[in-house]
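Asker: Structure incoming, see below.
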Amino acid sequence: MKRLLQLVTIAVCVPTLALAVPAAAHADEPVAAVTLEALAAAIAAKTDARVDELLPRIDGVGRRLLALRSYIRSGGHLSERWSWTQERIAAYEGSIEQQELDAEVQRVREAFERSNPGYELFVNPQVRSLDLQLANWNHNESVAAASVRLLQDAVAHLGKAPRDAVPADMLEAFLGSYVPEPVPTVAAPGLSPHGQMRAIDFQVHRGAEIVAGPDTQTIGSTWEQGGWAARLDTAVREASRRFVGPLVSPREPWHYTYTPVAVADQ
Ligand SMILES: [Zn+2]
């Protein structure tokens, strides 16, 4: 508590820490945004060492808060979900684990291509590294939109704090129950199941052409009306018991969760 107050006081006194608050927020309350950044850092520090290290690499206090929300909500599961290190990714290359996944993907691919002559099923064989997830988070439009809104809502919420409230506790509780709008289309950095090869995004190709790719804009036209969501799902169910999906929230008809042990064997 004492340390937190110090942090807030320091942040308020150092002008370089000041961040612009979106025009729609309380422009007459710049201290609130500065405080939010310090509060976010304090919450990150007590959440997890990896979160503490990563948070400064996320652009802007809104995106930081939005990511922090995911870390808070993953609670005790954060460690098991956290993306592989470069060493772990290197160990995965050529392993039996990788061979099993490749074989499972190949079964789905063959089933799909038998039913859809002329079309190929493509998957990215790379583990999605933490750096790549971070870059996606910093550039994704849905994350940007949800961050602006979260920042405004957090400023408004803390503005209603009772005199005896502990700001960090209040912000942590607020983030833990906050529902972002729009729903971000990528996972907070570190928490993507692609970071442990526990998810696969399938794409439909025809020669060099991407017929159906992992693009939210094409869900209605290509995946639904074009029938590729149903065709992919048929192939996945026919060929594999290790893929579960597709992802429902956010809707991603190309994204399937991979469970290394067959569901029926568990
Ligand atoms: Zn995915």
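Just so you know, all these numbers are worked out from the coordinates, no wet-lab data involved. Quick caveat: nothing in here was measured; it's all calculated off a predicted structure. Neighbour counts run over all protein chains shown; Cβ positions are idealised from the backbone, glycine included.
Asker: Considering all projection directions equally, how large on average is the shadow of the alpha-carbon convex hull of the range 63-121, in square nanometres?
Answerer: For the range 63-121, the mean projected area of the Cα convex hull comes to 7.0 nm².
Asker: For the Cα atoms of the chain, what angle does the longest principal axis make with the long axis of helix 30-47, in degrees from 0 to 90, nearest 10?
Answerer: Taking the Cα atoms of the chain, the angle to 30-47 is about 60 degrees.
Asker: Using a 10 Å cut-off around each Cβ, can you sort 200, 89 from fewest to most neighbouring Cβ atoms? Spell out each step's value before the answer.
Answerer: Values: 200 23, 89 18.
Lowest to highest Cβ neighbour count: 89, 200.
Asker: Here is a follow-up. Quick one: helix 228-239 against the long Cα principal axis of the chain, what's the angle to the nearest 10°, folded into 0 to 90?
Answerer: 70
Asker: Let's test this: bin the Cα-Cα distances of the chain at 10 Å from zero up to the farthest pair and state each bin's percent.
Answerer: Using 10 Å bins, I get a P(r) of 6, 26, 29, 20, 12, 6, 1 for the chain.
Asker: What is the helix-to-structure angle for 61-74, meaning the angle in degrees between its Cα long axis and the longest Cα principal axis of the chain, kept from 0 to 90 and rounded to the nearest 10?
Answerer: Taking Cα atoms only, the helix is inclined about 60 degrees.
Asker: Moving on to the next point. Show me, for the range 240-250, the HN-Hα J-couplings you get by feeding each phi into the Karplus relation (A = 6.51, B = -1.76, C = 1.60, θ = phi - 60°), rounded to Hz, glycine and proline as x.
Answerer: These are the phi-based 3J(HN,Hα) values: 9, 10, 9, 9, 10, x, x, 4, 9, 9, x Hz.
Asker: Rg over Rh of the range 60-158, using C-alpha atoms and the Kirkwood radius, what does it come to?
Answerer: My calculation puts Rg/Rh at 1.13.
Asker: Still on this structure, please answer the following. Under 10 Å, Cα contacts only: if you run a Gaussian network model on the chain, which one of 166, 61, 236 comes out with the highest mean-square fluctuation?
Answerer: 166
Asker: Over the range 101-246, what portion of Cα pair distances is larger than 25 Å, expressed as a whole percent?
Answerer: Value for the range 101-246 (Cα pairs over 25 Å): 46 percent.
Asker: Same structure again: Taking R0 as 30 Å, what FRET efficiency do you get between residue 59 and residue 230 from their Cβ-Cβ distance, rounded to the nearest 0.05?
Answerer: 0.20
Asker: For the pair residue 157 and residue 102, how long in nm is the line joining their label points, each one 7 Å along Cα→Cβ?
Answerer: 4.6
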